[in-house]
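A short write-up of the structure that comes next.
The values are calculated or read from the model by the stated rules, or taken from the named source; none is laboratory data. What you see is a predicted model, and the numbers here were worked out from it, not measured in a lab. Here Cβ is always computed from backbone atoms with ideal geometry, including for glycine, and neighbour counts include all displayed protein chains. In case anyone asks, the SASA skips ligands and DNA or RNA and just uses the protein heavy atoms, side chains included. Shrake-Rupley method; radii C 1.70, N 1.55, O 1.52, S 1.80 Å.
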Amino acid sequence: MAAPEDLRFTRTHEWVRIDGDVATIGISDQAQGELGDITYLELPDVGERVAQSQPFGIVESVKAASDIYGPVDGEVVERNEAAVESPDLVNSSPYERAWLVRIRLDDPAQIERLMPADEYDTFAETATPH
Amino acid sequence: MTTEPTGEGTGQTAERDDGGAEHPPLRETPLRRRHEALGARMVPFAGWLMPVQYGGILQEHRAVRAAAGLFDLGHMGQVDVSGPDALPFLQAVTTNDVAALAPGGAQYSLLPNERGGVVDDIIVYRRPEGEGYMVVVNASNADKDVAWLRARRRDQSALDVAVEDASDRYGMVAIQGPKAEAIVNRLTETRLSDLGPFRWSDATVAGVPLKIARTGYTGEDGFEFYPASERVGELWDALLASGAEDGLVPVGLGARDTLRLEARMPLYGNELGDDIGPLEAGLGWAVRLDKGAFVGRDAVAAQREAGPPRRTVGFRLLERGGSARAGYDVRVDGRPVGRVTSGAFSPTLGENIGLALVEREVAGVGRPLEVVVRGRPLRAVQVKTPFYRRSAP
């Protein structure tokens with residue numbers, strides 16, 4: 001699946017959707033495909049901090065556990081309880097139903113340093129998530 | 001997103017960059033292109049490039065439990081042991097009683113070391129014609145095992161026995177699951193109903209001459225095939241085509257690991273190792289001290305006398321917090337008592353299960369453990385194993 005054009009991406013395969021000063025964060029279709037069947041999600045509570053390039057959550061598949069990295073700095077204002085309850089949503093709907101957290105951005109300008117969708121697609125073709 | 005390996009020996013881990021060290025090229029089975037055409041994700045495992053999954057581990061696992069799965073086991077090793085003294089030689093290097101094998105019989109066994117640890121776990125097949133044996137060994141240990149057996153052969157120079165690494169000659173494919181017999185039946189004249197568990201015989205399947213064994217590593221009924229390696233491709237194609245109507249799917253190493261764990265079958269490098277004894281691994285049933293001398297017998301006998309210091313126990317996690325993985329610490333009342341040897345989300349049970357090697361004083365079904373997952377102790381309870389047992393046909 002090509003990356004949706006309204007999203008920005010990290011080199012660690014997280015995506016961000018911006019709405020004003022709130023960023024919605026998830027993991028990419030390529031990442032869920034590489035992980036395989038997802039069985040567990042660990043996400044920060046509302047009020048906790050997410051920091052750019054720092055792990056803020058964990059996604060586990062049948063075969064491995066992986067850190068999820070903060071694409072930008074901010075404070076968690078909402079987390080997706082439906083995804084926590086049914087982690088397989090990350091496999092079936094990585095860009096829509098399985099968003100992970102919403103954060104209030106400290107510095108909206110940080111977004112500009114993330115990859116646009118077409119650039120991410122090229123990047124993901126040549127790099128597998130580690 | 002970065003991936004943390006789930007433990008050694010499982011083949012489930014992402015390849016890690018180790019700083020550019022030289023690796024020998026990965027070996028490939030004759031089925032490599034077929035796997036890629038089937039959409040497999042290929043990973044390095046024990047020096048081989050192998051499929052870890054095709055459609056997904058959960059789907060493949062469930063297909064084996066409900067219908068059937070097809071496995072490429074071309075990475076596993078085969079060692080032919082022949083000559084007039086093949087039996088006394090094998091008796092001296094294994095733990096189980098090879099003399100109990102009738103022609104065409106197979107048995108699970110161990111290659112012990114002198115200290116009472118384990119070099120590898122193996123299946124010993126006595127040839128249907130009666131003379132000679134084939135020993136099937138783990139891919140990760142194949143080279144080590146052959147060297148070990150040759151060294152033991154030199155120790156016993158009076159014996160007239162030949163040890164030959166036949167891994168390149170044999171292909172190996174398995175079909176496992178409740179529909180396995182029906183699928184193979186359509187491709188052979190051999191009466192499979194006459195082939196009991198842990199028996200093998202000569203047969204022709206889909207026009208391919210081979211040995212067919214009623215053995216496996218999933219907890220299901222099924223077969224392992226040993227054709228000549230250059231005919232394994234046509235066998236694979238015929239099985240996959242014949243089985244499609246029954247729900248047969250190709251299955252990778254990922255589901256192979258969750259299937260064997262539910263059935264509480266050990267994995268070398270996890271439940272077994274140079275410093276883990278057969279009794280500690282719960283494999284005392286594969287040790288026959290009464291058969292006579294064998295490598296490491298005194299060490300194993302001493303453990304049986306005194307009781308093994310550690311035991312391998314099954315557990316399930318009682319609270320959420322992720323899966324237990326090999327190497328995670330195990331505690332009781334905050335005190336370290338051992339470590340997880342294998343752990344996973346069980347697709348059949350829908351919960352997190354695992355095996356742990358713990359001090360024997362804390363072992364016992366129903367007793368508590370704490371499994372430390374990413375620094376957080378999660379409550380667990382010891383449960384009976386196997387975690388999954390198939391219902392009678």
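Values as computed for the structure displayed
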{"read-out": "Subset tally (residues that are of a type in the set (A, V, I, L, M) and open to solvent by 10 Å² or more (accessible area, probe 1.4 Å)) for segment B:175-202", "value": "3"}
{"read-out": "B:Gly350 of a type in the set (Gly, Ala, Ser), more than 19 Å from B:Ala281 (Cα to Cα) and open to solvent by less than 70 Å² (accessible area, probe 1.4 Å)", "value": "yes"}
{"read-out": "Segment A:15-50, residues that are of a type in the set (D, E, K, R), more than 9 Å from chain B (Cβ to nearest Cβ) and touching a residue at least 12 places away in the same chain (Cβ under 8 Å)", "value": "A:Arg17, A:Asp21, A:Asp29, A:Asp45, A:Glu48, A:Arg49"}
{"read-out": "Residues (away from chain B (no Cβ under 14 Å), in contact with a Phe, Trp or Tyr (Cβ under 9 Å, 6 or more places away or on another chain) and open to solvent by 30 Å² or more (accessible area, probe 1.4 Å)) located in segment A:5-14", "value": "A:Arg8"}
{"read-out": "Boolean, B:Pro88 is closer than 18 Å to B:Leu159 by Cβ, at pLDDT 95 or above and surrounded by fewer than 23 Cβ atoms within 10 Å (Cβ to Cβ)", "value": "yes"}
{"read-out": "Some residue of segment B:353-373 being in contact (Cβ under 8 Å) with a residue 24 or more places away in the chain, open to solvent by 50 Å² or more (accessible area, probe 1.4 Å), part of a strand (DSSP E or B) and within 14 Å of chain A (Cβ to nearest Cβ)", "value": "no"}
{"read-out": "Criterion violated by A:Thr126 - all others in (1) within 14 Å of chain B (Cβ to nearest Cβ); (2) within 26 Å of B:Met42 (Cβ to Cβ) satisfied", "value": "(1)"}
{"read-out": "Within segment A:83-127, tally of residues that are open to solvent by less than 70 Å² (accessible area, probe 1.4 Å), assigned to a helix (DSSP H, G or I) and over 17 Å from A:Val16 (Cβ atoms)", "value": "3"}
{"read-out": "Single condition B:Ala142 does not satisfy, out of (1) within 30 Å of B:Tyr388 (Cα to Cα); (2) open to solvent by less than 10 Å² (accessible area, probe 1.4 Å)", "value": "(2)"}
{"read-out": "Residue, least open to solvent (accessible area, probe 1.4 Å), within segment B:8-40, restricted to residues that are modelled with pLDDT of 95 or more and within 14 Å of chain A (Cβ to nearest Cβ)", "value": "B:Ala40"}
{"read-out": "Count of residues meeting criterion [open to solvent by 30 Å² or more (accessible area, probe 1.4 Å), within 16 Å of A:Leu7 (Cα to Cα) and either touching an Asp or Glu at 6+ places or on another chain (Cβ under 8 Å) or of a type in the set (Val, Ile, Thr) (or both)] in segment A:23-50", "value": "0"}
{"read-out": "Checking B:Ala174 against (1) part of a helix (DSSP H, G or I); (2) within 21 Å of the chain's Cα centre (by Cα); (3) of a type in the set (A, V, I, L, M), the condition it does not meet", "value": "(1)"}
{"read-out": "Count of residues meeting criterion [within 19 Å of B:Thr215 (Cβ to Cβ) and touching a helix residue (DSSP H, G or I) at 6+ places or on another chain (Cβ under 9 Å)] in segment B:259-285", "value": "6"}
{"read-out": "Single residue of segment B:41-77 satisfying the filter (part of a strand (DSSP E or B) and surrounded by fewer than 21 Cβ atoms within 10 Å (Cβ to Cβ)) that is farthest from the other protein chains (Cβ to nearest Cβ)", "value": "B:Leu49"}
{"read-out": "Pick from segment B:107-135, criterion open to solvent by less than 10 Å² (accessible area, probe 1.4 Å) and hydrophobic (A, V, I, L, M, F, W, C), ranking: nearest to the chain's Cα centre (by Cα)", "value": "B:Ile122"}
{"read-out": "Those residues of segment B:204-218 which are farther than 19 Å from B:Met76 by Cα and either open to solvent by 10 Å² or more (accessible area, probe 1.4 Å) or in contact with a helix residue (DSSP H, G or I) (Cβ under 6 Å, 6 or more places away or on another chain) (or both), in sequence order", "value": "B:Thr204, B:Ala206, B:Gly207, B:Val208, B:Pro209"}
{"read-out": "Within segment A:22-36, tally of residues that are modelled with pLDDT of 95 or more and in a loop (DSSP other than H, G, I, E, B)", "value": "1"}
{"read-out": "Residue pairs meeting the criteria (Cβ under 9 Å; at least 6 apart or on separate chains; first within 27 Å of B:Thr95 (Cα to Cα), in segment B:300-326; second exposed (fewer than 13 other Cβ atoms within 10 Å of the Cβ) and among the polar types (S, T, N, Q))", "value": "none"}
{"read-out": "Residue in segment B:228-241 that is more than 21 Å from the chain's Cα centre (by Cα), assigned by TED's automatic domain parsing to the domain that holds B:Ala68 and not in a helix (DSSP H, G or I) present", "value": "yes"}
{"read-out": "Meets criteria (in contact (Cβ under 8 Å) with a residue 24 or more places away in the chain and surrounded by 23 or more Cβ atoms within 10 Å (Cβ to Cβ)) for B:Arg264", "value": "no"}
{"read-out": "Residue satisfying all of: in segment A:83-120; over 15 Å from the mean Cα position of the chain (by Cα) and within 27 Å of A:Thr39 (Cβ to Cβ); farthest from the other protein chains (Cβ to nearest Cβ) among these", "value": "A:Ser86"}
{"read-out": "Restricting segment A:51-82 to residues that are within 14 Å of chain B (Cβ to nearest Cβ) and among the aliphatic types (A, V, I, L, M), the residue that is surrounded by the fewest Cβ atoms within 10 Å (Cβ to Cβ)", "value": "A:Ile58"}
{"read-out": "Any hit, segment B:321-335, residues being basic (Lys, Arg), away from every other protein chain (no Cβ under 14 Å), surrounded by 18 or more Cβ atoms within 10 Å (Cβ to Cβ) and in a loop (DSSP other than H, G, I, E, B)", "value": "no"}
{"read-out": "Looking only at segment A:55-82, and only at residues there that are of a type in the set (A, V, I, L, M, F, W, C) and either at pLDDT 95 or above or out of contact with any strand residue (DSSP E or B) (no Cβ under 6 Å at 6 or more places or on another chain) (or both), the one that is farthest from A:Leu35 (Cα to Cα)", "value": "A:Val77"}
